[in-house]
1. Could you grab me the full set of residues in region 249-268 that are within 15 Å of the ligand (Cβ to nearest atom) and assigned to a helix (DSSP H, G or I)?
2. Would you confirm, using the coordinates I've provided, whether residue 373 is within 16 Å of the ligand (Cβ to nearest atom), in a loop (DSSP other than H, G, I, E, B) and either among the basic types (Lys, Arg) or in contact with a Phe, Trp or Tyr (Cβ under 8 Å, 6 or more places away or on another chain) (or both)?
3. Considering only region 115-136, state which residues are out of contact with any Leu (no Cβ under 8 Å at 6 or more places or on another chain) and outside any loop (DSSP other than H, G, I, E, B).
4. Considering only residues that are away from the ligand (no atom under 16 Å from the Cβ) and farther than 17 Å from residue 322 by Cβ, which ones fall in region 269-295?
5. Collect the residues in region 406-447 that are small (Gly, Ala, Ser) and either assigned to a helix (DSSP H, G or I) or touching a Gly at 6+ places or on another chain (Cβ under 8 Å) (or both), keeping them in residue-number order.
6. Return yes or no: is residue 417 at pLDDT 95 or above, of a type outside the set (Asp, Glu) and more than 25 Å from residue 545 (Cβ to Cβ)?
7. Residue 87 passes all but one of (1) surrounded by fewer than 20 Cβ atoms within 10 Å (Cβ to Cβ); (2) under 19 Å from residue 135 (Cα atoms); which number fails?
8. Please find, within region 49-62, the residue that is farthest from residue 145 (Cα to Cα) out of those that are surrounded by fewer than 18 Cβ atoms within 10 Å (Cβ to Cβ) and in contact with a helix residue (DSSP H, G or I) (Cβ under 8 Å, 6 or more places away or on another chain).
Amino acid sequence: MTLSTERHRRLGMKALVIDDEIREDSAAGRAVRSLIDELQRRHIEIITAITADDAISVIRSDPALQCVLLDWDLGTDGHGPSVAVVEALRHRNGTVPTFLLADRSVASTVPAAVMAKVDDFVWLLEDTVDFVGGRIQAAIERYRDHVLPPMLKALAQFSRVHEYSWHTPGHTGGTGFLKSPPGRAFFEFFGEPLLRSDLSISVGELGSLLDHSGPIGQSEKYAARVFGSHRSYHVTNGSSTSNRVILMASVSRDQIALCDRNCHKSAEHAMTMSGAIPTYLVPTRNHYGIIGPIPPERLTAVAIRQLIDDNPLAAGIEDREPKHAIITNSTYDGLCYNVARVEELLGASVDRLHFDEAWYGYARFNPMYRERHAMHGDPKAHTADKPTVFATQSTHKLLAALSQASFIHVRDGRRAIPHGIFNETFMMHASTSPLYPIIASNDVSAAMMDGPGGAALTGEAIEEAVAFRQMLSRLANEAAEQGDWFFDCWQPDTVRDPKTGRVTPFHEASPASLASDPSCWVLKPGAAWHGFGEIEDGYCMLDPIKVSVVTPGVAPGGGLMPVGIPASLVTAYLDARGIVVEKTTDFTILVLFSLGITKGKWGSLVSALCDFKRDYDANAPLELAIPALIEDHADRYAGMGLKDLADTMFSAMDQLQTTAMMAAGFSVLPRPDMSPVRAYERLVRGEVEQVTLDELAGRTVATGVVPYPPGIPLLMPGENAGPIDGPVLGYLKSLEAYDRRFPGFTHDTHGVEVEDGAYRIYCLAR
Ligand SMILES: *Cc1c(COP(=O)(O)O)cnc(C)c1O
């Protein structure tokens, strides 16, 4: 079949041969050449290297290697170069079969530490090439089988052997699509392997997601081992569903749940669906509007008791114990909690802690994040006297998995929820037809993090982020010295080297320390850069891979400078050059250094930022700088230059006080008139009306109002919008006014519909 040859070609066998005598007319040279011929005859693709440096570059850049053959006498000065190759290889891959090419007389020179890292010897001058070739091929085949995690292995196996199906899905391995031209186009675009692995739950061999049986169940056990949980669950509808499953399994109607106000919409929905009485934990916010951690003093038992006593919705509730707490870790801007400390604080009030780690699935695999993620340390040390801990991770967000792939990880402790009970809620939210490739991609994301691969891959992302941050910081410093401007990153201004104790500007700090030492990234009490004041030392750390690029405009202590550049303008400029960023606020742009980062990929971002500066300084016409803006809104922006627009937008932000209004809008909790579920029930019954902002004063909203970014509820269903000149409506009115002035730069606020420039929101009918 053409398909299998194609697949074979793409996933072909590949080996690296490292020997400095490959081209020499010596016995060893002839022997290694005939071994290469033999391997090629067996359809094994061969890459060669004659120096250790060359070999190490190949190892770094080619994860498709399935075997390494290494000359034990590489180079001329002892065995150092060969040892270096072994170290580099095992640093990222613990299992790829590795053979030392040697002759028996030198075998005794191989130290035990090296022997432990290689698999076997090849006696080049004594064994026959046929014998050696067979051993190598067998090792490659075993390895290929070994690298597949349980679910992917079963799926690949099943789709290879089974030809005909009588079950759903109706396209039966893709053939259903072939019956019409658009179907055929779909088939060709996605390719047969994907369609053949789209199988139904009636395929018993693959087990069941709902019963956690068979290869799917094995895959969950495997994930539990890799991610450090007691139990893990595959979820095929995103962490949105994972959050809802956990909350609904933990809290029932009219029970009190603690909820980070900096929570995702799905946590808000979960509060509504469960009927819980949310009691909010309010995070801090800095001069850029970046959301900080919930300070430790707001998590003490006394503070929590006070919060519940102050919550009008809790007034009539007899049971005053909070049943559950949900915390976002890390925050969108990359602030990670010391989870051990949070457990200690919150654990005094609540038995079940739930960390929403949608953006943080990699944390366990790099020592940078030690103690700063939910499944930290040894799961066996998590004893029954500790809180029960849940984590939700969107594997698709920062690990490598298909969209919607998510994990729930659980460590049982106090008030643990037995699997049988938890699974009832799990099934309530699961489809009976989950997409198996999503599950297999979750499985693979675990396998990629397993062993040394996790530390190596996350380490690379951190190194790239550090290099980018230091580059930008250096450019900003050079510009400042010349009285000029450039973009900078939100990060410590100086770094104390953990080894030498020397304090240096960020861009001059040792990249190796920055990439490996968490103390470089910890928020120190009172440090000006973070703007979160006298925060407890060690409580919160900035994740190096989540980089907020800062545009000029905000004064160091807060408030606006005389001139500034709105970040949304820079984002539009980058977009016109095919660079799409993660998130833009008034003066920050978030870029993520995920596993997908390739070396130096950030170079194009730096050069685009330099181009922006050049065009801004020259006030380049918008037709050239951001053509789409002129195409879509010629009447508004025709004739303007980049700097003209920046100035106009900046002065509108100054006049409308958008940044300060946002800080004010989010700094106070609105008064809840009823719980989210009661407001939602009124919405479903149609007892609502849609009103303008002026009409909303003093009214109870029926849906959440969530400005993006950052996607934190400004109002939850059932909350009162407050007076027209209050912080909530004040903020919404400033957004509305800004949107009217700047088409193409309008804000996206869930729960708001815009009609002729006017915001309209559903509230409860009187
Ligand atoms: C994205 C996100 C979610 C939802 O995850 P999906 O996998 O997109 O459903 C939950 N929580 C937070 C904090 C998120 O950012």
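1. Matches in region 249-268: 265, 266, 267, 268.
2. It is true that residue 373 is within 16 Å of the ligand (Cβ to nearest atom), in a loop (DSSP other than H, G, I, E, B) and either among the basic types (Lys, Arg) or in contact with a Phe, Trp or Tyr (Cβ under 8 Å, 6 or more places away or on another chain) (or both).
3. If the condition is that a residue be out of contact with any Leu (no Cβ under 8 Å at 6 or more places or on another chain) and outside any loop (DSSP other than H, G, I, E, B), then 115, 123, 130, 131, 134, 135 are the ones that fit.
4. 284, 285, 286, 287, 288, 289, 295
5. If the condition is that a residue be small (Gly, Ala, Ser) and either assigned to a helix (DSSP H, G or I) or touching a Gly at 6+ places or on another chain (Cβ under 8 Å) (or both), then 406, 420, 440, 441, 445, 446, 447 are the ones that fit.
6. Yes: the conditions hold for residue 417.
7. Here residue 87 clears every test but (2).
8. 51
The values are calculated or read from the model by the stated rules, or taken from the named source; none is laboratory data. Everything numeric here is computed off the predicted structure, so don't read it as measured data. Cβ sites come from the backbone with ideal geometry, for glycine too, and all protein chains shown count toward neighbours.
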